[in-house]
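Read the structure below first, then the notes.
The values are calculated or read from the model by the stated rules, or taken from the named source; none is laboratory data. Every value quoted in this text rests on a predicted model; they were computed, and no experiment measured them. Every residue, glycine as well, gets a Cβ built from its backbone with ideal geometry; the counts of neighbours run over all protein chains shown. Just the protein is used for accessible areas: all its heavy atoms, side chains included, with ligands, DNA and RNA removed. Shrake-Rupley method; radii C 1.70, N 1.55, O 1.52, S 1.80 Å.
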Amino acid sequence: MTRTENPNVIDAAPGVEYFTPLQDPPAGTFLGTLNGTKKEVPRAFQPLTIRGQTFQNRIWVSPMCQYSYRDGFINDWTLVQIGSYATRGASLSMIEASGVAPEGRISPNCAGIWKDEHVPGLKRVADFVHSQGQRIGIQLAHAGRKGSTTAPWTPDNYAQPGEEGGYQTVAPSPLKYAENFADPKELTKDEISEKVEQFKQAAIRAVKAGIDVIEIHGAHGYLVNEFLSPISNQRTDEYGGSFENRIRFVTEIVKAVKTVVPEHVLLFIRISATDRLDHLNKGFTVKDSIKLLKVLKGLGIDVVDVSSGGNSPEEKIKHVRGFHGPFAYEIKEAIPDLAVGTVGAIHSPKTIADVLGHGIDAVFVARPFLQNPSFIFELAHKLGIKVQWPIQMGYTNKHPLPLDDEAEYINE
């Protein structure tokens, strides 16, 4: 949008029916150092362009389940939650795992995108994010055998079909994730085709809602991950057994989604790079992930979002800062021309710098944003740099507010 020539006229952001000021540049854009000295821009605040889309920084909000919805409809909680990140400098905010089918939700209170009626609520959030000059994504998900649970703050955290809103779960093979989970129904080949179509239709709805980034959830023991791993996929047809057969489901999803996603929409995939079962000499491995991603890159995946584990209670994970990072580094080294992001306890400036210093393109940050929606501003402050604030808060950043008791407020 062209700015007006009159400095006393406030320019309006496009795309929304109400007035909100144009954020140009968007919040979270690097402006300089706090003390005015010249130094290299921290990689976290260097712009990143992927197939025509430019992000003004490399700190992305990871999709985080909120367990706050009925019948899949997101509501004002989502608008406030995602909106708070967008106004405060996150260049990409991801809407949480959204079920492509009713039984694809993790819990009865999870978000959904399985029917057209879900589109207006999603579009309302997307329009607001765009009015702030930021980008928005959504994670398309099917929980598979790990569905029909309840919110994590409930006593039992699982719901049997027909009880407490529970529903019949499905999986590549009729194997429970753990004892207290519902017994999954093995998918027929026709039902597998239906699941592929459900991901495709969900992508169509996401595009109608104005989403910039679509992420296929292929991690954490959910349906796509279940097909990939030999510990959860014991089929003997063309969707099980060999590596080529086990990846068939996700390749069919990616192919289907690519047929309906326009050029300006990026396609991500989140993977569990490993089942974390090396101590038992079984499961999906990083080498498998590299083989998979070479295939998916050829099919049009733009970014891989690297996580790990979640498909077996026998996994061994040491939760240290950036604990998924080493898998992302191995993937980036093997496929240098694929954009790679990673998640997992990436909280401090040092951890962010370490992860990005390995050539990783962006980091997905989760709980720090829940604790402090102004995480971007706090990070910039700790790095000694100035970034753009939303003009309603920072008055073009001439008077940035201190973010700790030791900061001296200087009125310029």
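If D288 satisfies every condition in (1) open to solvent by 40 Å² or more (accessible area, probe 1.4 Å); (2) part of a helix (DSSP H, G or I) but one, which is the exception?
(1)
Within segment 169-201, which residues are within 30 Å of V260 (Cα to Cα), loosely packed, with under 15 Cβ neighbours inside 10 Å and touching a strand residue (DSSP E or B) at 6+ places or on another chain (Cβ under 8 Å)?
Residues satisfying the conditions are E186, E191.
On the basis of being open to solvent by 40 Å² or more (accessible area, probe 1.4 Å), of a type in the set (D, E) and within 20 Å of the chain's Cα centre (by Cα), does E244 make the cut?
Values: open to solvent by 40 Å² or more (accessible area, probe 1.4 Å): yes; of a type in the set (D, E): yes; within 20 Å of the chain's Cα centre (by Cα): no.
No.
Which one is farthest from P326 (Cα to Cα), of the residues in segment 358-377 that are open to solvent by less than 20 Å² (accessible area, probe 1.4 Å) and not in a helix (DSSP H, G or I)?
Within segment 358-377, the match that is farthest from P326 (Cα to Cα) is V365.
So how many residues does segment 125-140 have that are part of a strand (DSSP E or B) and either hydroxyl-bearing (S, T, Y) or open to solvent by 10 Å² or more (accessible area, probe 1.4 Å) (or both)?
Taking segment 125-140 as the starting set, the residues that turn out to be part of a strand (DSSP E or B) are 135-140.
Among the residues that remain, those that are also either hydroxyl-bearing (S, T, Y) or open to solvent by 10 Å² or more (accessible area, probe 1.4 Å) (or both) are: 135.
Here the count works out to 1.
Only one residue in T169, T154, T150 is without any contact (Cβ under 8 Å) to a residue 12 or more places away in the chain and either out of contact with any helix residue (DSSP H, G or I) (no Cβ under 7 Å at 6 or more places or on another chain) or farther than 23 Å from V265 by Cβ (or both), so which one is that?
T154
Cβ contacts < 6 Å: first residue farther than 11 Å from P390 by Cα and in contact (Cβ under 8 Å) with a residue 60 or more places away in the chain, restricted to segment 80-95; second residue open to solvent by 10 Å² or more (accessible area, probe 1.4 Å) and in a strand (DSSP E or B), any location; separation 6+ or different chain. Result?
L92/R135
Do any strands (runs of 3 or more DSSP E) lying entirely in segment 1-120 carry at least 1 residues that are at pLDDT 95 or above and surrounded by fewer than 16 Cβ atoms within 10 Å (Cβ to Cβ), and which ones are they? Reasoning before the result, please.
Working: elements: 30-33, 48-50, 53-55, 59-61, 92-99.
Correct list: 48-50, 53-55.
Working only within segment 302-332, note down all residues that are assigned to a helix (DSSP H, G or I), in contact (Cβ under 8 Å) with a residue 24 or more places away in the chain and open to solvent by 10 Å² or more (accessible area, probe 1.4 Å). If you could, list the steps in order and put the result at the bottom.
Taking segment 302-332 as the starting set, the residues that turn out to be assigned to a helix (DSSP H, G or I) are 325-332.
Filter once more, keeping what is in contact (Cβ under 8 Å) with a residue 24 or more places away in the chain: 325, 327-332.
The answer is F327, Y329, E330, K332.
Going by what's in this entry, would V100 be described as within 16 Å of the chain's Cα centre (by Cα) and over 24 Å from R367 (Cα atoms)?
Numbers: within 16 Å of the chain's Cα centre (by Cα): yes; over 24 Å from R367 (Cα atoms): yes.
Taking the combined requirement at face value, the residue satisfies it.
Would you be able to tell me the number of residues in segment 340-355 that are under 18 Å from the mean Cα position of the chain (by Cα) and either surrounded by fewer than 22 Cβ atoms within 10 Å (Cβ to Cβ) or of a type in the set (S, T, Y) (or both)? Give the steps one after another, and end with the answer.
Kept after step one, since they are under 18 Å from the mean Cα position of the chain (by Cα), are these residues of segment 340-355: 340-347, 352, 355.
Filter once more, keeping what is either surrounded by fewer than 22 Cβ atoms within 10 Å (Cβ to Cβ) or of a type in the set (S, T, Y) (or both): 342, 345, 347.
Selection size over segment 340-355: 3.
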